[in-house]
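Shown next, in structure tokens, is the structure this report addresses.
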Amino acid sequence: MVAKVISGKNIRGLLNYNENKVSEGVAHCIAASGFGSDPKGLTFSDKLNRFRKITALNQKVRTNAIHISLNFDVTEKLTNEQLNRIASDYMTRIGFGEQPYLVYRHTDAAHPHVHIITTNVQSDGKRIDIHNIGRNQSEKARKEIEVAYGLVRAESRGKKREIEPVQVEKAVYGKSETKRSISNVVRMVTRSYKYTSLPELNAILRQFNVVADSGAEGTQMHNKKGLLYSLLDEKGSKTGVPIKASSIYDKPILVNLEKRFKLNEALRKPLRAGLKTTIDQVLRKPLSKDAFVKALANRGVFVLFRENEEGRIYGVTFVDNRNKVVFNGSDLGKAYGAKAILEQLSQAPGAQSSGTRSQTHPAEVQHTPEVDLHVNELLKDLTTAQSYDFTSPEAAMRKRRKKRKKKGRSL
């Protein structure tokens with residue numbers, strides 16, 4: 001079992017995050033402790049007002065929203081009753097047994113997991129100290145519960161990680177609110193992948209129908225290192241209203257990305273050999289260009305052949321979605337450049353001419369279910385837009401700043 005405890009200042013946002021999941025059909029409330037009613041009989045207002053009444057007892061406590069996720073191994077088939085017992089036991093062990101809390105079972109991932117909402121303000125107005133609660137009380141409770149319930153131990157699974165979410169759709173213009181869709185993709189890609197240039201970042205983003213644009217050379221935007229993000233349509237063309245990089249929470253502006261470029265240059269080196277081996281294994285058989293792209297997709301590698309305005313291929317980029325890394329073919333070695341790859345593919349029966357435009361546009365590449373499992377880890381929450389940022393519990397608990405009205409003479 002893996003337990004994660006985070007705190008914030010917006011319990012309404014946290015409640016919204018989970019209730020939105022319920023509305024989307026990927027979660028349901030399975031327990032309401034300290035609410036005096038079965039969870040099925042509680043409205044959103046009932047839940048919110050219960051938390052508001054208790055947090056109002058000590059208004060000096062600003063960080064009063066607590067979110068806990070309990071994650072179990074994919075092999076464990078746990079019923080709602082079992083999850084409720086585990087959640088109750090866990091809350092008691094960390095000192096929150098008497099606090100009001102809600103338990104939501106989420107079904108948006110392959111592994112069983114629950115999200116718990118509570119507050120650290122007690123009925124007498126006193127505050128429960130949550131300093132180092134994750135490292136101390138939570139970690140102790142987790143280990144004890146694993147033994148008590150015969151659960152798969154987190155240590156036995158190696159590095160603690162959450163299982164990839166089940167397949168969901170890409171961001172599609174007209175089906176998802178543009179800014180939120182772009183923000184979710186950009187934030188997760190820039191955090192997760194190792195890329196060393198803007199074109200490499202775009203090779204990753206194109207899988208999710210998003211592109212970063214720094215403007216043409218000589219333009220004011222390019223000279224000032226501005227950056228816009230846009231959605232792509234099914235033909236790979238920009239559509240909708242672009243958004244400024246500075247408006248995204250993590251600030252993936254060009255200056256910040258350039259810092260990541262240097263760091264990623266070193267971080268991706270150990271992953272170079274593995275990608276070369278994967279490509280070599282695919283090239284052992286005579287393949288057409290399309291078959292080559294599909295074969296690598298089956299291994300979690302997205303291939304992007306770069307073309308000029310005349311449709312001539314001048315480069316190739318490989319995005320390894322399993323290891324979250326991207327390399328240009330030339331960076332892997334001369335044998336992996338576009339020219340060398342296409343010469344080898346051109347020898348296959350029915351192969352296309354090495355210099356002609358591919359019939360499959362990068363935005364139209366079909367992913368197999370296997371590669372989708374890796375790619376779609378980044379696509380959570382892209383297709384159900386809300387006016388707030390509910391991409392994660394952390395984001396949901398942030399207090400929204402009110403925009404100040406500009407003073408001026410009314411006409």
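The values are calculated or read from the model by the stated rules, or taken from the named source; none is laboratory data. Just so you know, these numbers come straight off a predicted model, no measurement behind them. Note: ideal-geometry Cβ built from the backbone for every residue, glycine included; neighbour counts use all protein chains shown.
Values for this structure:
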| quantity | calculated |
| --- | --- |
| Some residue of the stretch 324-339 being of a type in the set (Lys, Arg), part of a loop (DSSP other than H, G, I, E, B) and either modelled with pLDDT under 90 or touching a Phe, Trp or Tyr at 6+ places or on another chain (Cβ under 9 Å) (or both) | yes |
| Residue tally, condition farther than 19 Å from Ser138 by Cα and surrounded by 16 or more Cβ atoms within 10 Å (Cβ to Cβ), over the stretch 73-90 | 1 |
| The stretch 203-256: number of residues that are on the phi < 0 side of the Ramachandran plot, of a type in the set (D, E, K, R) and surrounded by fewer than 17 Cβ atoms within 10 Å (Cβ to Cβ) | 8 |
| Leu70 vs. criteria assigned by TED's automatic domain parsing to the domain that holds Lys143 and closer than 30 Å to Gly150 by Cα | yes |
| Which listed residue is in a loop (DSSP other than H, G, I, E, B) and in contact (Cβ under 8 Å) with a residue 12 or more places away in the chain, from Glu234, Glu200, Glu217 | Glu234 |
| Residues of the stretch 20-34 that turn out to be surrounded by 17 or more Cβ atoms within 10 Å (Cβ to Cβ), modelled with pLDDT under 95 and not basic (Lys, Arg), as a count | 3 |
| Hits in the stretch 18-46 - residues which are free of Cβ contacts under 8 Å to residues at least 60 places away in the same chain and of a type in the set (Lys, Arg) | Lys40 |
| The listed residue being in contact with a strand residue (DSSP E or B) (Cβ under 9 Å, 6 or more places away or on another chain), without any contact (Cβ under 8 Å) to a residue 12 or more places away in the chain and outside the structural domain of Tyr336 (by TED's automatic domain parsing), out of Leu257, Leu263 | Leu263 |
| Criterion violated by Pro112 - all others in (1) out of contact with any Ser or Thr (no Cβ under 7 Å at 6 or more places or on another chain); (2) touching a residue at least 60 places away in the same chain (Cβ under 8 Å); (3) buried (at least 17 other Cβ atoms within 10 Å of the Cβ) satisfied | (2) |
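Residue by residue, here is whether (1) at pLDDT below 50; (2) within 32 Å of the chain's Cα centre (by Cα); (3) surrounded by fewer than 20 Cβ atoms within 10 Å (Cβ to Cβ) holds:
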| residue | (1), (2), (3) |
| --- | --- |
| Leu304 | no, yes, no |
| Gly311 | no, no, yes |
| Ser346 | no, no, yes |
| Ala351 | no, no, yes |
| His361 | yes, yes, yes |
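Condition check ((1) in a helix (DSSP H, G or I); (2) without any contact (Cβ under 8 Å) to a residue 12 or more places away in the chain; (3) in contact with a Lys or Arg (Cβ under 6 Å, 6 or more places away or on another chain)) across all residues:
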site: Ile243; (1), (2), (3): no, no, yes
site: Pro270; (1), (2), (3): yes, yes, no
site: Ala273; (1), (2), (3): yes, yes, no
site: Val282; (1), (2), (3): yes, no, no
site: Val293; (1), (2), (3): yes, no, no
site: Arg306; (1), (2), (3): no, no, no
site: Glu310; (1), (2), (3): no, yes, no
site: Gly315; (1), (2), (3): no, no, yes
site: Phe318; (1), (2), (3): no, no, no
